[in-house]
Structure formats: C-alpha cells, structure tokens
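Worksheet: one structure, shown below.
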Amino acid sequence: DDYSLASTYANLGFCYMEIFRNDSAIYYLTKSAKLNKEGNFLSSLASNYYNLAVINTNTGLYDKALYYLNEIELNNLPLKNNMDNLIFCLKSTTYLNKKKWDSVAKYINITKQRCVSSKDNLTLLSVISNEGAYFINQKKYSKAEDCLMEGLKLSKEIGSESFIGKYYTEIGKLYIVQNKNEAAINYFQQALKIESLNNSSKNILFNLKLIAKAHSKMGNFEEASLLLDSIVRYSESVNSIVNFKATRE
C-alpha cells in the first residue's frame, strides 16, 4: 500500500543521508513526502520535511531548509517524540549560518527551555553548541566558555563520546580566537583521542588542521609543517581505503 511504500522510500532516504549521498536522499525523501501528503499520513510527512531540512542545512541551502521547517508549522503537522525540539534546534542552526542573530537567540532560548522541561539531553547538547557559537560571534568569550564547558560536562554525564569530542574541539576553537593557543592545542589533542577511538576520519583531519593552525599562530612553523605532512599522508590513507571499499562493492 501507499503507506508502506512511503515508509520504504523514507528509510532509503535516511540511509543515503547517513552515507552523505544527498542527491539520492532528497530523491527518496521527496517521493515519500509526496505519497504521505496524498495519503494524509501527516506525522510521517513531518518526518520527511524535517529530514529534508537537515540535508539542505548540511549542504548550505538554508532558505530551502527553512521552507520545510515552516511547512511543518504552517500545516500544523503532528510530531512524534521530541521532534518539536529538533525542529527548533535546527532553526537555530539555520539562522546561525544565515547570521540572523536575533532569530538565533530566539530559537536557542525556546529550544533550551523545551529540552530542559522534557529532559531531552541530546538535543540540548546541540543547542548549547549553537549558543556557544552565538556568543563567540558576539565576542562574549566568557559567556561562550561557560556555555561550552556546560555542554562538555553534560556530554560526560550522559556518556556521549561524539558530543565529548565535539565540545573539546569547540572549546579549542574558542581559545584559538582568543590566541590562547597552547590551551587550544590541549583540547584539540583530547578531541583527537576521542575521534581516533571512534575512527571518525573527518573529525580527525579537522582537529589535526586546527592543531597545525594553533602552532602556526605561535610561530612553531616546523611543527605546523610536520602536522600538515601527516594530514596529507592520513588523507591519502583514508582515500585509498574508501576507494578500495568502493571498488569491492
């Protein structure tokens, strides 16, 4: 039936999202949304629109992302679980990228209140990260540090390694902005330990580049150069593994 077919399309779209095949993800999620709209399967349609908004945010199409998020609200689509928290959090992310600072502050405050009242710690961790970025942009570094340390503490309390690594990186970036480069390197190295355990090649490369940047700002150009060489070697290694897997498939 149409509902089962729509669910299959949605699952395919989500799988492609997970492996960053955005064109294929959009294709299947759009097909799912069309069937859900025609069949009046409104809670599933809301999930389609949210996932389409996530993809468009990740690819820098922020106006399109907001279109899907606003469609959920305008059509009063029923939401599952804590999806309303996720929607408000994604709005804060989208407006952050669009540099619409009043809207960023508005949706951060809304999302934090909702997450605390519903004990939705994972979404809370995402919005605290956005709050830290907001304060950094406003050059309110003390508030940003308090905010990111709060996020790191909560990450450790709930045992979320991915968020622990993320917050180590974000705190390091805050210190780089303030030219506290030795402290920044310390946090990037802690992030590297987490990301290496999780085998997250993208985040490993990102932190290595940030460490090289910090050394360069300190005048440690030889150290920075060695790090950049290691980044090149690591990238080649990762790409060769990816190519091997693709060839095997």
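The values are calculated or read from the model by the stated rules, or taken from the named source; none is laboratory data. In this text, all values refer to a predicted model and were calculated from it rather than measured experimentally. FYI the Cβ positions are ideal-geometry reconstructions off the backbone, even for glycines, and counts take in every protein chain you see. Note: areas computed on protein heavy atoms with side chains; ligands, DNA, RNA excluded. Shrake-Rupley method; radii C 1.70, N 1.55, O 1.52, S 1.80 Å.
Give me the percent of Cα-Cα pairs in segment 1-121 that sit more than 27 Å apart, rounded to a whole number. Of all Cα-Cα distances in segment 1-121, 17 percent exceed 27 Å.
For segment 140-150, putting each phi into the Karplus relation 6.51 cos²θ - 1.76 cosθ + 1.60 with θ = phi - 60° gives couplings of 9, 5, 5, 5, 4, 5, 4, 5, 5, 5, 4 Hz, in residue order, rounded to whole numbers and with x for Gly and Pro. From the P(r) of the chain, can you give the percent of Cα pairs sitting at distances over 35 Å? Counting pairs separated by more than 35 Å, the tail of P(r) holds 23 percent. Of all lysines in the structure, those lying under 16 Å Cα to Cα from K98, and not within fewer than 8 positions of it along the same chain, are K64, K106.
Counting 0.36 nm for each residue step from D23 to E38 and taking away their Cα separation leaves a gain of 3.1 nm. The trypsin sites (Lys or Arg not before Pro) of segment 1-71 meeting both criteria, a DSSP state outside H, G, I, E and B (loop) and at most 16 other C-beta atoms within 10 angstrom of the site's C-beta, are R21. At a 1.4 Å probe radius, carbon and sulfur cover how many percent of the accessible area of segment 113-208? Of the solvent-accessible surface of segment 113-208, carbon and sulfur hold 48 percent.
Against the main long axis of the alpha-carbon atoms of the chain, helix 62-74 sits at an angle near 40°.
Cα gyration tensor of segment 93-184, axes a ≥ b ≥ c as square roots of the eigenvalues: rounded (a/c below 1.5), prolate (a/b > b/c) or oblate? Cα axes put segment 93-184 in the oblate bin.
Using a probe of 1.4 angstrom and keeping all protein chains present, the accessible surface of segment 1-97 works out to 53 square angstrom per residue. The coefficient of translational diffusion for segment 57-125, derived via Stokes-Einstein from the alpha carbon Kirkwood radius under 20 °C and 1.002 mPa s, stands at 174 µm²/s. Scalar couplings 3J(HN,Hα) for segment 215-220, obtained by applying the Karplus form with A = 6.51, B = -1.76, C = 1.60 to θ = phi - 60°, are 5, 5, 5, 8, x, 8 Hz; x denotes Gly and Pro.
Backbone geometry of segment 196-211 corresponds, through the Karplus equation with coefficients 6.51, -1.76 and 1.60 at θ = phi - 60°, to 3J(HN,Hα) couplings of 5, 5, 8, 6, 8, 4, 4, 6, 4, 4, 4, 5, 4, 5, 5, 5 Hz, x marking Gly and Pro.
If R₀ is 22 angstrom, what is the calculated FRET efficiency for the pair K193 and I158, using the beta carbon separation as r and rounding to 0.05? Efficiency for this residue pair is about 0.70. Net length available on complete extension from T30 to E73 is 13.7 nm, with 0.36 nm assigned per residue and the Cα-Cα distance removed.
Fully extending the segment from N11 to E223, taken as 0.36 nm per residue of separation minus the present Cα-Cα distance, adds 71.7 nm. For A105 and D63, a Förster radius of 22 Å and the Cβ-Cβ distance give a FRET efficiency of 0.65, rounded to the nearest 0.05.
One Cα centroid belongs to segment 24-95, the other to segment 133-166; the line between them spans 27 Å. Mind pulling the angle between the C-alpha long axis of helix 22-38 and the longest principal axis of the chain? Nearest 10 degrees, somewhere in 0 to 90. Approximately 30 degrees, to the nearest 10.
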